[in-house]
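Below you'll find the structure, written out as structure tokens, and then a few comments.
No lab work stands behind these numbers, since they all come straight from the coordinates. Note that this is a predicted model, so its numbers are computed, not measured. We place every Cβ from the backbone using ideal geometry, glycine too, and count neighbours over all the protein chains shown.
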Amino acid sequence: MTTEANGNTSPVPNLPATPEPSPVPRPRQPESDSRAPAPDVPGQPSLADHDQHRRWEWRVRRLLAEADHWMLTRVKHPDGGERTVTETRADEEGQRRQINRETDMGSRKHRRLPRWQGWIPKFVLSFDFALLLYFFAGITDVNWQSPVSMSLAFAIILAGMVTVLAYGFLSFTGHRMRSSKNHAGTVHLDELDGFTKAAFGTAMAVIAVLAVLMYLRIRSEVIDALGQQAGVTAVVIPLAVAVVSAVANYLVVLIHALDGSDEVARLDKLAAATRRPARKAHRLRRRAAQQAHR
């Protein structure tokens, strides 16, 4: 009941307050996992692609680790002892820089002979062995109608021994002379040390002995074939063979003396020492690069 200002009362009921409408609840969206890629969203990789990428990265790291392992392998160093492939290749680069620097300054010391000339000593070795075998076969009375015998075996042993010793000494003399090669690309006999001069003199004596052996053996064969009618032929043909033998053996000394230098020979040995492991490391790095670009 309410009382009016003039004292009259009116029966007005107390009504409850009208409640305000509450907002309609929205459906709850599931929270997305930011760590997992959404395969349905364009531009984002799937889980399979993610695992494949991790697999490729693991392969690349493994290949690079194997390559580094090969580069740390110890190899025989041409100067003696052992060093790692990386250290030996550093020595190789240092030797190459020295050769290039001297060559740029006008040096002809390190020039190599044509490749075909490098095969000449091997042909001379075969030539000497064949002639010496023919010479010793005549001394040991080898019957060529039935050559398989102890006489032939003995002749082969003698011919091989003389050929190897002669060729080895001629090569040694040439290498000793190469050590005295100047930047003009020549070797002067008056600049050789005493030991090299002695080796050179002995080499000339060996060449002369081989030439005389060839002369005597061929002359006896010509006389046996032509008899008293041989005449000048018994001198000319053996002399020609003897001169060819002497020139060929002297050429062995010259080729070893003039082909490159000691520095070039050291460079070749350094490169040969690291060739196999360096190639393996290069293949592994190439495979790693292919994996990385897939």
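With all pairs of different C-alpha atoms in the average, the Kirkwood value for the hydrodynamic radius of segment 80-181 is 17.7 Å. The largest-to-smallest principal axis extents of the Cα set in segment 113-259 are 55, 36, 31 Å.
Each of His282, His110 was scored by other Cβ atoms within 10 Å of its Cβ. Listed from fewest to most, they are His282, His110.
Site pair Thr233 and His282 shows an inter-label distance of 5.9 nm when each label is modelled 7 Å from Cα along Cα→Cβ. Take the alpha carbon atoms of segment 129-182, find their center, do the same for segment 236-264, and report the distance between the two centers in whole angstrom. The distance from the Cα centre of segment 129-182 to that of segment 236-264 comes to 16 Å.
Between Ala225 and Trp58, the modelled labels are 7.8 nm apart [label points 7 Å from Cα along Cα→Cβ].
Treating r as the C-beta distance of Ala265 and Arg115 and R0 as 22 Å, the FRET efficiency rounds to 0.90. Are any of the pairs Lys76/Lys122; Lys109/Lys197; Lys76/Lys197 more than 23 Å apart by Cα-Cα distance, and if so, which? Cα-Cα > 23 Å for Lys76/Lys122; Lys76/Lys197; rest within.
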